[in-house]
Amino acid sequence: MLPVMPTTVLSAPPAAALDPTDPQAIAALASDICAGVELSAAQARALLDVAPGSAAQEALFAAAQKVRAHFLGHRLSCCSILNVKAGNCSENCTYCAQASGSSATGYDKTGWLPDADIVNAASSASANGAKALGLVAAWKGVKEGTQLDMVCNAIEKLAEQGGVRADVNLGILASQHCADRIAQAGAKVYGHNLETARSHFDNVCTTHSFDERLKTIGYIRKAGMGLCSGGIIGMGETKDQRIEFAEQVRFIAPDMVPINFLNPVPGTPLGHLAPLPADEALTTLAVFRLMWPTLSIMAAGGKEVVLGERIHEVFRAGINAIMVGNYLTTLGTAPDYWRDAAARYGLELVPEGEESAEHGCGCGKKSCS
């Protein structure tokens, strides 16, 4: 299992003082990172305060792109998700329209989808350039017995279809046996977000714990599946907690880090919050790139709401993966847009079927490509 994760990350003195108004200092920092120097939590926290539209922010975006190019090249991975069981969730996650106690109604509730629907969704995802389709279910998680059998049967059908890699995001796993069975059924990557910093987690969800999520991550790793784990920005966390979350992601070292931005849905407990300002969202992505120079970072849900017409600027901020198609209960951006936008920034989609350890969406293993 994973060792104990540190909770506080900003108490240690910085490796070097950083002036977030100094473009030259930020540029030098990018060179240091490319040479193998790790960005400290205190340096990252300072960078979150760069002024929108300033020369320092431009230097930060240039630094993020330099680090991405150095460690990950100019390739862009695309993934898609499918809500295989929507609504009536037992968990009280405050951001989610499907959560227990939510009065949100802007989506269709469904039981577990038939295998034929999953296969059709896989064909659509492949046509949209996605290398993987993630099956996502609104429930606490998977237990041994008939539920596990149903899940594994669906994964087998998706894996047999062959157009996209079979990924899953099925919540808390009750045991190592569940993880092993899911891997044996053909799931290559298991998505399981930390969601937010440990110190903020109880403000987001109380029906399960941060430590339960870490335990599931341990099962995923032991089963040999790739790990896709990130979170949601803009849920009322402080900037210090945003860096705490980033340090905790760095600690678990996922193969893919999906970063979502809160889409405040009416009827949810966080529905009253305003979406993050676009510059704050882009700055956060760029800082995360400098903190995680070798990790794949995916711009996932909420980017349309937060960024609007500036949505293409996620590529300025150093991401190297994108979620295409629709999300769980909200609509996404057409896949053709992402192809064109990526090309504007000198990025290209990973060709279908390409074997690549570095650029598989959500997995660093050859077997997952």
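The values are calculated or read from the model by the stated rules, or taken from the named source; none is laboratory data. Given the structure is predicted, the values throughout are model-derived calculations rather than measurements. Ideal geometry is used to build each Cβ from the backbone, glycine not excepted, and the neighbour counts take in all protein chains shown.
The table that follows gives values for the structure above.
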item	result
Every pair of residues 6+ apart whose Cβ atoms lie under 7 Å, when the first sits in the stretch 240-264 and is touching a residue at least 60 places away in the same chain (Cβ under 8 Å) while the second is in a loop (DSSP other than H, G, I, E, B) and among the aromatic types (Phe, Trp, Tyr)	LEU262/TYR95
Boolean, GLY236 is surrounded by fewer than 17 Cβ atoms within 10 Å (Cβ to Cβ), free of Cβ contacts under 8 Å to residues at least 60 places away in the same chain and at positive phi	yes
Leading residue by the ranking (farthest from the chain's Cα centre (by Cα)) among those in the stretch 214-254 that are under 18 Å from ALA183 (Cα atoms) and among the basic types (Lys, Arg)	LYS222
Unmet requirement for LYS85, which otherwise passes all of (1) modelled with pLDDT under 95; (2) outside any loop (DSSP other than H, G, I, E, B); (3) in contact with a Cys (Cβ under 8 Å, 6 or more places away or on another chain); (4) not aromatic (Phe, Trp, Tyr)	(3)
So CYS228, is it within 25 Å of ASP117 (Cβ to Cβ), surrounded by 21 or more Cβ atoms within 10 Å (Cβ to Cβ), touching a strand residue (DSSP E or B) at 6+ places or on another chain (Cβ under 9 Å) and touching a residue at least 60 places away in the same chain (Cβ under 8 Å)	yes
Strands (runs of 3 or more DSSP E) completely within the stretch 111-199 that count 1 or more residues being among the β-branched types (Val, Ile, Thr), out of contact with any helix residue (DSSP H, G or I) (no Cβ under 9 Å at 6 or more places or on another chain) and at negative phi	132-137
Residue in the stretch 173-185 that is of a type in the set (S, T, N, Q) and at pLDDT below 95 present	no
Evaluation of SER175 against (1) in contact (Cβ under 8 Å) with a residue 40 or more places away in the chain; (2) within 16 Å of GLU91 (Cβ to Cβ) (one fails), failing number	(2)
